[in-house]
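Below is one structure, written out as structure tokens; the observations come after it.
The values are calculated or read from the model by the stated rules, or taken from the named source; none is laboratory data. In this text, all values refer to a predicted model and were calculated from it rather than measured experimentally. Neighbour counts are summed over all protein chains in view; Cβ atoms, including those assigned to glycine, are modelled from backbone coordinates with ideal geometry. Calculation scope for accessible area: heavy atoms of the full protein, side chains included, ligands and nucleic acids excluded. Shrake-Rupley method; radii C 1.70, N 1.55, O 1.52, S 1.80 Å.
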Amino acid sequence: MKKSHYMRTITTTVIISAFAFIALMAGNAFAQQAGVKQISLEELWRNAGEKSPSIQARLKDVEAIEYKIKSLQKPYLPSINADLGYSGAANLNEFEHGPLARLTAEWILWDGGRTMASKKILTLSSGSVGLQGAIFAIEVKKKIAAVYYDTARLEASVADEKKKLNNLVSLKKLLMPRLKIGKIGYSDVEDMVIRIEDTAGKIKNDELVIDYKKRQLRLLTGGDAEDPLYIPGFSVLKGVGPEIAAIKTTLTSPALILARRQTALLEAKKEHRERELYWPVFGIELYGGYGPHRDAIDPHKPEVGAGAVFRVPIIIGGSRSAEMKSLTAEIDAAKLDLARMEKDNKAAADYIMKAIPAMDDRMDSLEKSVKRAEKNLTAAFNEFSRGLKSPADMITALQYLYELKSKYHDAKMEFLALKAELFLTYGNDGLSTYDSIKN
């Protein structure tokens, strides 16, 4: 009885000390973050949209295309050219040469639709570049979300590992009296020491990884690598975007919208080339100048005139029909790819819509299992103090609890990542535009 009372006293003291140590650590962590603003994922996304050099570069690409559209020749506006030089002219009777100055104005009244076709190509190109920028920004945001959530998961895992370390230390202390009276061997204590050292090493390594990931987050969002960054606890993160029930089932990704636009761009290019190869141009020309010319050999006599311009493509290098067939084949291939992407988009959207609720259920199940495992570990400690459990039994109970916690963290990580995927790829009812970079 005396030995049993002695062991119970030690057990009680160790457990109380362990709880006090955990409380102290929690208090220190709270004190470190007290008064410090924790940053949300949405805020990091906004920072990336405003400061990320790579995203800003995509914005400049769109700006360049828009200026190209503005630079297109406007229909019915003249093209005015000035010629200065030295020239010669001849007729049947004489030849004259001298300085030349001429001003020519040409109005294309109808260019066979070439200008409008060019504008259509540039407009579609601008939209395509914008969508490419949106897709790029989405990929950047996905990476930010992955690093953000993984950092929060690691911080939760480190907190669990520290609790596990305290449990192992407490268990080692409980083993010492048994070692002295010969109820266990030295190998049992040594095994516990190895587990303590391994857990401590893992904590140290994970803390280094957390520091690296926070630096990575700062750089991804256009910040300074040394800026302080505090992420809310993993347990309070709910994920981004609306609930599944609030999202419509017709979901279209920006990548699919881009594929549709690029198919339309190929059709526009075919139309433009067709107009270049087959359609005539009609306009008028006014000119005036001084110098040798066909109608007036006298270089001192000014030249003024007007004429009609009518150009018809007759012979163009290569086969026109073969070129048009090649462009048609490109469009047909793009349409086949687009049909496949339509199916892939629907399959991916359907999977995410089903996977998120399933992962939510998995988290609920794991959370219940964790609570049972925690109660089981408490009971195991009590039974061990009474001599009813062996060190191996305690290790099994301890290991099982933290394996379940790890599985829960992994499931939540996947849940949060799926919500981010749904929000970013299929957000705004699938009508994502380049403006998503700034939002």
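Data overview
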item: Pairs, first among the basic types (K, R) in the range 105-134, second part of a helix (DSSP H, G or I), C-beta under 7 Å, six or more apart; result: R114/H272; R114/R275; R114/E276; K119/I69; K120/A268
item: Scope the range 394-404; condition open to solvent by 60 Å² or more (accessible area, probe 1.4 Å) and closer than 16 Å to V169 by Cα; matching residues; result: T396, Q399
item: Tabulated pairs, the range 40-60, first within 21 Å of A152 (Cβ to Cβ), second among the hydroxyl-bearing types (S, T, Y), C-beta under 6 angstrom, 6+ apart or interchain; result: L41/Y148; L44/T221; N47/T221; A48/T221
item: Top-ranked residue of the range 348-375 - restricted to ones that are of a type outside the set (A, V, I, L, M) and under 30 Å from the mean Cα position of the chain (by Cα), ranked as most open to solvent (accessible area, probe 1.4 Å); result: K354
item: A379 being modelled with pLDDT under 95 and open to solvent by 20 Å² or more (accessible area, probe 1.4 Å); result: yes
item: Residue check for G112: open to solvent by less than 30 Å² (accessible area, probe 1.4 Å) and in a loop (DSSP other than H, G, I, E, B); result: yes
item: Pairs where the first residue, in the range 179-190, is open to solvent by less than 50 Å² (accessible area, probe 1.4 Å) and the second is of a type in the set (D, E, K, R), C-beta under 7 Å, 6+ apart; result: I184/R178; V189/K172
item: Options A134, A117; residue that is buried (at least 20 other Cβ atoms within 10 Å of the Cβ), of a type in the set (G, A, S) and under 24 Å from S54 (Cβ atoms); result: A134
item: Residue that is least open to solvent (accessible area, probe 1.4 Å) [pool: residues in the range 306-347 that are of a type in the set (K, R) and under 18 Å from K269 (Cα atoms)]; result: R320
item: Filter result (of a type in the set (G, A, S) and assigned to a helix (DSSP H, G or I)) within the range 163-191; result: S170, S187
item: Selection from the range 43-82 of residues that are at pLDDT 75 or above and more than 30 Å from V240 (Cβ to Cβ); result: A64, Y67, S79, I80, N81, A82
